[in-house]
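Everything on this sheet refers to the single structure shown next.
Just so it is clear, none of the values below were taken in a lab; they were calculated from the coordinates. Computed from a prediction, not measured in an experiment: that's the story for all the values here. No Cβ is skipped: glycine too gets one built from the backbone with ideal geometry, and neighbour counts run over all protein chains shown.
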Amino acid sequence: QLVLGIETSCDDTGAAVVDETGKILGEALHSQMEVHLKTGGIIPPVAQRLHRENIEHVVNEALLASGVTPHQLSAIATTVKPGLSLSLGVGLEYSLKLVDQYKKPFIPIHHMEAHALTARITEPVHFPFLVLLISGGHCLLAIARGVSDFLLLGQSLDEAPGETFDKVARHLSLKNHEECSTMSGGQALEHLAQQGEQQKFKLTLPLARSLDCNFSFSGLRSHADGIIAQKKKEEGLKEGQIVSCAADIAAAVQHTVALHIFKRTHRAILFCQREGLLPERDAFLVVSGGVASNQYIRKVLQILSEATGLTLCCPPPRLCTDNGIMIAWNGIERLREQLGVLYNTEGVGYEPKAPLGTDISDQVRKAA
Ligand code: ATP
Ligand code: FE
């Protein structure tokens, strides 16, 4: 089985060919990060234009690298939800053109499902497992019971942690920092935090008293923003100049985000273990999404996993951020079980908003 995966849900144009063993035969990725860094955020029509400019050569590059011709493909899998409408539309339109041209089955993919299943490419992660997805657009805890069978335990009530890192980094003007100028906000904050002291600033831990597995990051961000604004004033800085204590602020933000993620994930593990929702032996905690590349957060989650008897599994960073490989792999997993494989694409569309699985967050709260 050979699946071509295509990803355009946000700001990365990705394509890859993966076989049924998880072997990555060819891949290509075009990131728009530099363009969006300059404008201070993603402007959907700009993202759409860049996807349009790049999709053809990204797909061709992945196919060429794989040595597979379109005729040899078993199916084409493409992200259709959730994401930015204008971005999703480009990938879907291009995929349907290929599907039509080469008469291939089409597999519509849920972007978060793909993030969750990525771990199974490289590790023997069996269902059911607990999954924590932390990225620039999402933050959720779920139990994966099967390829397309998820129970949602909790999610962010406001923004995602990657978004928080990106906004704080912008407020700290880290793109003017010589070491961090080409990094994403999250990378820049992690880099700077290594030179800082986390206890210099004390930020309030979000949702410290709430009994569920939901997340919240906007309060913590406002708190950090307030500190930055005050320091800028004290130091008499102009727009774009970096406060002297930037590293300490970065360390405090990273630490508080990590501690919040730790507490909510701990709650989820206790709930799953009490309710018998995870295997008694060899249960996995899978952590994915761009923020999962953060070494400090990984370390905290490693400690948690060991203490609760779970095995932590974080895919390598290039598989944690958006890519075509995870979409192709999700296609393989769906093809194997004949789940949502379409032989007729009439009426197929994209969905900007789409929850992952069945929401049982109320049950989590009541059980506490
Ligand atoms: P989504 O996958 O939810 O649609 P996205 O495309 O923004 O959103 P990813 O590509 O998975 O998400 O990840 C990008 C995010 O990860 C950015 O917000 C970035 O700041 C963050 N990030 C990347 N590296 C790190 C790191 N080392 N530490 C913390 N955050 C990081
Ligand atoms: Fe993503």
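Table for the structure above
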{"read-out": "Label-point gap, in nm, between Lys103 and Thr21 - each point 7 angstrom along Cα→Cβ", "value": "3.1 nm"}
{"read-out": "Long-range amide H partners of Phe284 with built H, under 5 Å", "value": "Leu130, Thr311"}
{"read-out": "Dipole-positive endmost among Leu50, Leu189, Leu117 within the chain (Cβ charges, Cα centre)", "value": "Leu189"}
{"read-out": "Neighbour-limited loop hits for trypsin sites (Lys or Arg not before Pro), segment 265-368 (at most 14 other Cβ within 10 Å; DSSP other than H, G, I, E, B)", "value": "Arg281, Lys353"}
{"read-out": "Backbone HN-Hα couplings from phi across segment 274-288 [Karplus 6.51/-1.76/1.60, Hz, Gly and Pro as x]", "value": "5, 8, x, 8, 10, x, 5, 10, 6, 7, 10, 10, 9, 10, 9"}
{"read-out": "Restricting segment 62-124 to trypsin sites (Lys or Arg not before Pro) in coil, as DSSP defines it, with at most 14 other Cβ within 10 Å", "value": "Lys103"}
{"read-out": "Residue pairs, from the table Lys167/Lys232; Lys175/Lys238; Lys200/Lys231; Lys200/Lys232; Lys38/Lys175; Lys202/Lys238, whose Cα atoms sit over 18 Å apart", "value": "Lys202/Lys238"}
{"read-out": "Separation of the Glu56 and Glu179 label points, Cα + 7 Å toward Cβ, nm", "value": "4.4 nm"}
{"read-out": "Prolate/oblate/rounded label for the chain (Cα gyration tensor, a/c 1.5)", "value": "oblate"}
{"read-out": "Antiparallel content of DSSP bridges confined to the chain, in %, to 5", "value": "60 percent"}
{"read-out": "Residue-averaged 222 nm ellipticity for the chain, from DSSP H runs of 4+ at -39500 (n - 2.57), nearest 500", "value": "-14000 deg cm²/dmol"}
{"read-out": "Calculated from backbone phi, Karplus (6.51, -1.76, 1.60) coupling profile of segment 305-310 in Hz, x at Gly/Pro", "value": "4, 4, 5, 10, x, 9"}
{"read-out": "Between segment 220-298 and segment 13-36, the Cα center-to-center distance that results, in Å", "value": "28 Å"}
{"read-out": "Gain in span if fully extended, Arg170 to Glu346, counting 0.36 nm per residue against the direct Cα distance", "value": "59.0 nm"}
{"read-out": "Mean Cβ neighbour count within 10 Å, used as a protection proxy, ranking 43-54, 132-143 highest first", "value": "132-143, 43-54"}
{"read-out": "Size of electric dipole in segment 18-155: Cβ of Lys, Arg +1 and of Asp, Glu -1, about Cα centre, debye, nearest 20", "value": "220 debye"}
{"read-out": "Computed magnitude of the charge dipole of the chain (debye, nearest 20; Cβ of K, R +1, Cβ of D, E -1)", "value": "760 debye"}
{"read-out": "At most 16 other Cβ within 10 Å, DSSP loop - GluC sites (Glu not before Pro), segment 207-270", "value": "Glu235, Glu239"}
{"read-out": "Simple spin-label estimate for Lys299 and Gln1 in nanometres, 7 Å along Cα-Cβ", "value": "4.0 nm"}
{"read-out": "Cα shape, segment 31-131, gyration tensor, a/c 1.5 rule", "value": "oblate"}
{"read-out": "Near-label residues of segment 108-145 by backbone N, under 16 Å of a point 7 Å along Cα→Cβ of Ala368", "value": "140-142"}
{"read-out": "FRET efficiency, Ser218 to Ala65 (Cβ-Cβ, R0 41 Å, nearest 0.05)", "value": "0.50"}
{"read-out": "In sequence order, calculated HN-Hα J values of segment 38-53 (Karplus, 6.51, -1.76, 1.60; Hz; x Gly/Pro)", "value": "5, 8, x, x, 7, 9, x, x, 5, 4, 4, 4, 5, 4, 4, 5"}
{"read-out": "In range of the label at Leu339: residues from segment 128-144 whose backbone nitrogen is under 18 Å from the point 7 Å along Cα→Cβ", "value": "128-133, 141-144"}
